[in-house]
Amino acid sequence: MFTLSKKQQIGHYTVVFPIKEGNYAETYRVKDAGGKNYFLKLINLSKLNGKQFDTDGNVIEVEIVKQLNHPNVMHFVETDELVLNGNRMSYLVSDFISGETLEQHTLRMAGCNPYSVREWLVEVLSGVQYLHSLPNPIVHNELTPQNIMMDSINKKLVIIDFGHARRMSDDRRTFDRKDLSPYYLAPETAGGLFSPHSDMFSVGVMGYQLLFGRLPWQVSKGNDFEDKLQAQRETPLKILDLSGLEVPQGLVETIAKAVSVDPVGRFQTVEEMIKALKGESKIFAPPVDKVSEGKSTQRKSSNTQKKSVKQIKKKGNGFADVAGMDDLKAKLQRDIIKVLKDPEGAKRFGITIPNGILLYGPPGCGKTFFAEKLAEEIGSTYMYVKCSDVASPYIHGGQGKIAAIFNEARENAPTLLFLDEVEAMITDRSRHNNVSESGEVNEFLAQLNNCGEDRVTVIGATNKPDLIDEAALRSGRLALHYYIPQPNYEARKQLFEINLKNRAVDFGIDYDKLAKMTENYSCADIKEIVDNAGRSAFGGDSKNISQALLEKAVTGLTSHLTLDVIKKHEEIRNKFEQGNNEPEDWKKNRTMIGFKSH
């Protein structure tokens, strides 16, 4: 039964509701006078055993938490002692974390994306590295998915619950493992030994569980449980089948090395383990047993995931519907369409399908329309992806969505994957304030690598190319860049002809005059003009769309492309082409594409 009740006052705080009750402590959500939320841990000092106090008579947990200050570790606010119901109590207040535990998240999602697992482990290890690097290093001793909170507001993982944490200077006899899950504890902790190596072992077990949906060792409870567990640990680690999934290079090997029975065979520092996860160092992992039975829950989850975005086969006239842009059409015929239609012939010359291209320029000038028509020209699946399709309220949840979209594209190849407003999806990581967004950019970069080999071509469209992460623009990703400006005179004539086709139109429409009247109008503007003229004809009971109605529609619509907007985008183009964000050979060989100037 909880000691405190709702709305009860304790120190400067008011109880909102109880959260968890343990053997000697209770956790509450509380708020201060200003209405700000916090966590409050109420510790019954009379229920603590001698192992939970240091040699100075202080509660070890309280003394440890008081010094914590790191983004991936719970943040201490204050502590105090008082007497409640005749019992001596201590309370520990920390920042409130809005979200769920890593365990709750994985159960709800029924699996994890491997790239998310890697990012989560790096975040947890960042907090662990901080603990181990303090003047008096701290070993957490209970790193499990239940003790990792997913902060949905600040988009980060936070290590919580330091009830079993110990400083390296603390007597090892203060460490009591009887309430801890033996699956996450390193073998050497059976003798009361705790060290940075044992924390890294726990992170390795957590990584295995997140990746495969089960613990690395399954032992039935009984009197000889510890002996059975140790015996199983001494056999090669079972690696379940992950075929069909995109798995970051080195992830499985890093986990296998981290859970080595012998501490000498593990990573010697957290930094070493982080580098291995990021693929920055070579890993010498112990032998493993690769098995095909007992597939992981992750694979099941991935295969049963709902389709991420609507994908359709585009049927239409292809480039015949595109006014102007003849140079771009010709180049894409050579670089993409012909390669897709004759892969064997292209292979003879060592030609491969580009992984991606970038279309950039002022808004409304036909980037999206052109991508659709390219899909029609190829006869491929067309997938339109907007920013909200990859957004998620959960930490790294977007990474799973990104992976699912690319998997869907591969399943329906050949596929043209169109990323609208790509700068919002692959934003320069130096502008990010949290690791979740950086993780999503990393996911896009990883998926872009070699997607052309799977007959998936990515087209990114943007009005702000300078906001895209530099790594996305290098060779092998969105390597081909084409500026699409406002349509020129000839293109505007064609746009009027295309948009008036299949409508009731008077004879003798003066397309030259309409093109002259619409200088610096965008493709979208011209379509709107024709639509407005059509509505006027229909509403006025006219038989056809006339020249007069079209001219009236032109004068009634101010172009969205003002001279200031055009100048701004030309400056972006010049900066983008002349900047340092791409190698010199790209600039030298790039073909300028777009509507030719009149």
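In region 15-26, what residues are out of contact with any Ser or Thr (no Cβ under 6 Å at 6 or more places or on another chain), surrounded by fewer than 17 Cβ atoms within 10 Å (Cβ to Cβ) and over 21 Å from ARG177 (Cα atoms)?
Within region 15-26, VAL16, PHE17 qualify.
Give the number of residues within region 383-393 that are within 22 Å of ASP454 (Cβ to Cβ) and open to solvent by 10 Å² or more (accessible area, probe 1.4 Å).
Here the count works out to 3.
Which ones in region 27-47 are open to solvent by 20 Å² or more (accessible area, probe 1.4 Å) and either touching a residue at least 24 places away in the same chain (Cβ under 8 Å) or touching a strand residue (DSSP E or B) at 6+ places or on another chain (Cβ under 7 Å) (or both)?
Selection gives THR27, ARG29, LYS31, ASP32, LYS36, ASN37, TYR38, PHE39, LYS41, SER46, LYS47.
If I ask for residues that are at pLDDT below 85 and open to solvent by less than 10 Å² (accessible area, probe 1.4 Å), which ones from region 394-422 would you list?
Within region 394-422, ILE395, HIS396, GLY398, GLN399, ALA403 meet the criteria.
Of the numbered conditions (1) assigned to a helix (DSSP H, G or I); (2) under 27 Å from PRO414 (Cα atoms); (3) open to solvent by less than 10 Å² (accessible area, probe 1.4 Å), VAL458 satisfies every one except a single condition; which is it?
Result: VAL458 fails condition (1) only.
Given the residues PRO343, PRO287, PRO263, which is the only one that is at pLDDT below 85, open to solvent by 30 Å² or more (accessible area, probe 1.4 Å), on the phi < 0 side of the Ramachandran plot and in contact with a Ser or Thr (Cβ under 8 Å, 6 or more places away or on another chain)?
PRO263
Only one of (1) farther than 22 Å from GLY400 by Cβ; (2) surrounded by 15 or more Cβ atoms within 10 Å (Cβ to Cβ) fails for THR254. Which number is that?
(1)
One residue is enough: does region 169-183 have a residue meeting the conditions surrounded by 15 or more Cβ atoms within 10 Å (Cβ to Cβ), at positive phi and not hydrophobic (A, V, I, L, M, F, W, C)?
Scanning region 169-183 turns up no residue that is surrounded by 15 or more Cβ atoms within 10 Å (Cβ to Cβ), at positive phi and not hydrophobic (A, V, I, L, M, F, W, C).
Taking only region 1-14 into account, find how many residues are open to solvent by 80 Å² or more (accessible area, probe 1.4 Å) and in a loop (DSSP other than H, G, I, E, B).
So the answer is 4.
Could you look through region 441-455, keep only residues that are open to solvent by 10 Å² or more (accessible area, probe 1.4 Å) and in contact with a strand residue (DSSP E or B) (Cβ under 9 Å, 6 or more places away or on another chain), and pick out the one that is farthest from SER380 (Cα to Cα)?
Checking each candidate, the answer is ASP454.
Would you be able to say whether some residue in region 495-503 is among the charged types (D, E, K, R), touching a strand residue (DSSP E or B) at 6+ places or on another chain (Cβ under 7 Å) and farther than 30 Å from ASN449 by Cβ?
Yes - at least one qualifying residue is present in region 495-503.
So which of SER308, SER301 is outside any loop (DSSP other than H, G, I, E, B), at pLDDT below 75 and small (Gly, Ala, Ser)?
Checking each option against the conditions leaves just SER301.
Can you give me the ranges of the strands (runs of 3 or more DSSP E) entirely in region 57-149 with at least 2 residues that are open to solvent by 10 Å² or more (accessible area, probe 1.4 Å) and either within 21 Å of HIS197 (Cβ to Cβ) or in contact with a Pro (Cβ under 6 Å, 6 or more places away or on another chain) (or both)?
none
If ASN433 satisfies every condition in (1) within 20 Å of ALA471 (Cα to Cα); (2) open to solvent by less than 10 Å² (accessible area, probe 1.4 Å); (3) modelled with pLDDT under 85; (4) not in a helix (DSSP H, G or I) but one, which is the exception?
In the conditions (1) within 20 Å of ALA471 (Cα to Cα); (2) open to solvent by less than 10 Å² (accessible area, probe 1.4 Å); (3) modelled with pLDDT under 85; (4) not in a helix (DSSP H, G or I), ASN433 misses (2) alone.
Give the residue that is farthest from the chain's Cα centre (by Cα), with candidates limited to residues of region 346-367 that are surrounded by 18 or more Cβ atoms within 10 Å (Cβ to Cβ) and not in a loop (DSSP other than H, G, I, E, B).
So, considering only residues that are surrounded by 18 or more Cβ atoms within 10 Å (Cβ to Cβ) and not in a loop (DSSP other than H, G, I, E, B), the one farthest from the chain's Cα centre (by Cα) is LYS367.
For region 318-336, give me each residue that is over 20 Å from GLN486 (Cβ atoms) and crowded, with 20+ Cβ neighbours inside 10 Å.
Residues satisfying the conditions are LEU332, ILE336.
Looking at region 38-50, is at least one residue modelled with pLDDT of 95 or more, out of contact with any Asp or Glu (no Cβ under 7 Å at 6 or more places or on another chain) and not in a strand (DSSP E or B)?
no
Every residue, every condition in (1) among the hydrophobic types (A, V, I, L, M, F, W, C); (2) touching a residue at least 24 places away in the same chain (Cβ under 8 Å); (3) over 16 Å from VAL530 (Cα atoms), yes or no:
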| site | (1), (2), (3) |
| --- | --- |
| GLU453 | no, yes, yes |
| ILE459 | yes, yes, yes |
| LYS464 | no, yes, yes |
| ASP469 | no, yes, yes |
| ALA472 | yes, yes, yes |
| SER475 | no, yes, yes |
| LEU495 | yes, yes, no |
| ASN502 | no, no, no |
| VAL505 | yes, yes, no |
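The values are calculated or read from the model by the stated rules, or taken from the named source; none is laboratory data. Computed from a predicted structure; not experimentally measured. So basically every Cβ, Gly included, is an ideal-geometry build from the backbone, and we count neighbours across all protein chains shown. Remember, those area values only see protein heavy atoms, side chains included, never the ligands or the DNA or RNA. Shrake-Rupley method; radii C 1.70, N 1.55, O 1.52, S 1.80 Å.
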